[in-house]
Amino acid sequence: MPTEDPLEARYSDEPLELIARPRKLIIWSVIAAVVIVVTFVVMGVLLKQSEAGTIFTLSDQIGIGGIGVILAAGALMFTRPRVWANSERIKVRNVFTTKSLPWGVIRDVGVSQGSAWGILDLHDDDRLSMLGLQVADGQRAVDAMRRLRQLHAAALHTGTEDDA
């Protein structure tokens with residue numbers, strides 16, 4: 001399903017044919033971030049004096065709330081994973097890294113037994129996890145995997161015709 005994306009112009013001259021994102025992971029990450037911020041802000045507001053006699057000042061309370069914001073930002077890092085693909089290449093953004101690969105360097109697209117996300121098997125015997133394609137998303141993940149396999153097969157088929 002073609003979708004407009006601001007990264008599309010930097011990604012390739014060809015329009016994107018697939019954008020996969022982990023729907024359930026995003027929902028749970030946002031819920032966790034909200035719970036963390038609310039918990040730490042409430043703790044900061046309610047802490048005035050401990051049973052040991054320690055008195056918490058305004059700066060201590062703000063610091064506790066700030067720690068909650070930092071932890072929530074960490075939880076929101078799990079909203080980053082995406083998989084973009086077109087007939088030329090695939091781009092995989094995980095939590096901390098982004099890789100863009102032409103289809104020619106990919107041997108297989110699939111899900112390993114017991115894995116929670118998609119895997120790209122590369123020709124150099126390396127593997128690249130696709131956190132943007134989560135098995136927990138059910139039919140959405142199945143449809144995305146089928147489309148990735150179609151794009152991969154089409155790219156390999158085109159590549160063999162050009163070489164002959």
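Within 10 Å of each candidate Cβ there may be at most 11 other Cβ atoms; applying that plus a DSSP loop requirement, which trypsin sites (Lys or Arg not before Pro) in the stretch 11-99 survive?
Those satisfying the criteria are LYS48.
Can you tell me the length gained on complete extension of the stretch LYS24 to LEU156, counting 0.36 nm per residue apart and subtracting the Cα distance?
44.3 nm
Just to be sure I understand: if I project the alpha-carbon convex hull of the stretch 58-106 onto a plane and average over all orientations, what area do I get in nm²?
It is 3.9 nm².
Can you give the Rg/Rh ratio of the stretch 26-78, where Rg is from the C-alpha atoms and Rh is the Kirkwood radius?
Using Cα coordinates only, the ratio equals 1.10.
As a check on your grasp of the helix formula, calculate [θ] at 222 nm for the chain: sum -39500 (n - 2.57) over DSSP H runs of n ≥ 4, divide by the residue count, round to the nearest 500.
Rounded to the nearest 500, it is -15000 deg cm²/dmol.
Report the convex hull volume per residue for the chain, counting only C-alpha atoms, in Å³.
159 Å³
Readers should treat all values here as calculations from the given coordinates under stated rules, not as data from a laboratory. Fair warning: this is a prediction, and the values are worked out from it, not measured in the lab. Every residue, glycine as well, gets a Cβ built from its backbone with ideal geometry; the counts of neighbours run over all protein chains shown.
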